[in-house]
1. Taking only Cα atoms, what is the 0 to 90° angle, nearest 10, from helix 357-367's long axis to the longest principal axis of the chain?
2. Which whole-angstrom value gives the distance between the alpha carbon centres of the stretch 61-101 and the stretch 313-359?
3. Past 30 Å, Cα to Cα: identify those pairs from K122/K302; K34/K237; K2/K292, in the order given.
4. Stretch L244-S19 to full length: gain in nm at 0.36 nm per residue minus the Cα-Cα span?
5. Per DSSP H run of n ≥ 4, the term is -39500 (n - 2.57); total these for the chain, divide by its residue number, and report the mean residue ellipticity at 222 nm rounded to 500 deg cm²/dmol.
6. As a test of the definition: which semi-axes, in Å, follow for the stretch 54-179 when you take the square root of five times each eigenvalue of its alpha carbon gyration tensor? Largest first, please.
7. Calculate the FRET efficiency for D159 and E131 from the Cβ-Cβ distance with a Förster distance of 30 Å, rounded to the nearest 0.05.
8. Ratio to report: Rg/Rh of the stretch 192-338, with Cα atoms as the point set and Rh obtained by the Kirkwood method; give two decimals.
Amino acid sequence: MKADLFEAPDYYLLDDLLSEEHKLVRDAARAWVKRDISPIIEEYAQKAEFPTQIIKGLAEIGAFGPYIPEEYGGAGLDQISYGLIMQEIERGDSGVRSTASVQSSLVMYPIFAYGTEEQRQKYLPKLASGEWMGCFGLTEPNHGSNPGGMETKFQDKGDHFLLNGAKLWISNSPFADVAVVWAKNEEGRIHGLIVERGMEGFTTPETHNKWSLRASATGELIFDNVKVPKENLLPGKNGLGAPLGCLDSARYGIAWGAIGAAMDCYDTALRYALEREQFGKPIAGFQLQQKKLAEMITEITKAQLLAFRLGQLKNEGRASTAQISMAKRNNVDMAIKIAREARQMLGGMGITGDYSIMRHMMNLESVITYEGTHDIHLLITGADITGIPAFK
Ligand code: TGC
Ligand code: FAD
């Protein structure tokens, strides 16, 4: 990995719209990524290992529960700060951002929003500090885009619930201390349960051979007659809307995160094009290369504006699921296209680990798939504007 010379593009002077707190939070995350992620991430991605030593640093920059109130150990920040932290982390690596997204939006958020006061007190401070890590089990082998069809189920056994089933593609599962698991009760209603490592019958085998998100640990959750204490049920919300409500928060973070990956690819390609000479001049002087760079900065700027406005709406409690879908879909698609173009601009060097672009490009194949695929988000927009759901 070359020295991290990253300079963030801000073509429309968006910094002027940020508060001093936003800039402080963003700059701290940016400096941490430069110091603690850039020097090591390529090695960990190559060996397909999550760098557990970064957990403490993630907690320190406020990446675990940025918008969870301070009384529960969160950072008590607004939604734009949350987005900026995700942008900076994903500038380093989408897999590291995944770890933070899952911890914050898919584990801490449901415990905060749907949990009892005892559950909040027990889990949130430890999750915020990184002492405990969490994962979120919604997807199953036979149910990805349609989680409502899930087969994982629990029975009421009087003094406990008996949980059976399996979840697949679960970020953080191989090392998570707690899992927020979505399962159906005997009436077929979906509920959230907090399952802890060490419960008998609960295993978390790792998924290997990924070409994407290699620095993030992914695995299964297997429940074989797991006795879950009744106090581990999240009582505040049930039905499919409960897990989907968590996805709103995570997808919002991804809309910002993808900008980070795109900015890194653009910045790397611009610097390379100014230095690399062919036919007696820098390749940045050729019109075809300028077209790529000009289109990249245009798309990044549009994505930044979309994310910023969505952040304002989120702060006001007015961001709809469909608005979040539009931003997740657009910004991830923008980033993956930029990664592909930027990689070409580096010629043969673009396929090496000396530069971050190919890693971003491969990571973004997961990002465009998880938290709702590119096509599912298009259908969410379609349903919103026509009033006719076309999922089934
Ligand atoms: P549908 O009939 O549309 O909805 C069922 C019920 O849920 C309500 N609802 C929501 N509630 C809160 N927030 C939302 N965003 C909601 N969206 C829907 C809805 O009102 C309804 O309520 P009610 O009371 O009428 O029952 O459900 P459907 O079965 O037709 O499915 C719709 C669809 C396809 C959009 C949905 O299932 C979907 O979003 N599928 C994609 C699945 C997905 O995104 N999975 C992600 C798994 S987690 C993950 O990938 C983590 S990656 C790691 C990382 O983040 O880094
Ligand atoms: P499928 O649902 O089988 O879709 C296959 C294809 O069919 C897609 O192109 C899809 O768009 C298309 N399709 C499906 N339905 C329709 C339709 N109605 N109309 C048109 N096209 C359709 N899940 C979790 O619960 N927790 C996690 O932490 C988590 N982490 C993940 C990490 C990684 C690295 C990956 C790759 C996935 C992760 N996921 C996680 C799962 C992820 O959310 C699912 O992969 C995703 O929702 C898609 O489900 P699927 O893979 O089963 O694909």
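Readers should treat all values here as calculations from the given coordinates under stated rules, not as data from a laboratory. Everything numeric here is computed off the predicted structure, so don't read it as measured data. Note that we place each Cβ from the backbone using ideal geometry, even for glycine, and neighbour counts take in every protein chain shown.
1. Computed tilt is about 30 degrees.
2. The stretch 61-101 and the stretch 313-359 have Cα centres spaced 18 Å from each other.
3. Checking Cα-Cα distances, K122/K302; K34/K237 exceed 30 Å.
4. Going from the current span to full extension adds 78.0 nm.
5. -15000 deg cm²/dmol
6. Numbers: eigenvalues 139, 69, 30 Å².
They are 26, 19, 12 Å, listed from largest to smallest.
7. Working: r = 29 Å, r/R0 = 0.96.
Efficiency at R0 = 30 Å is approximately 0.55.
8. Rg/Rh for the stretch 192-338 comes to 1.15.
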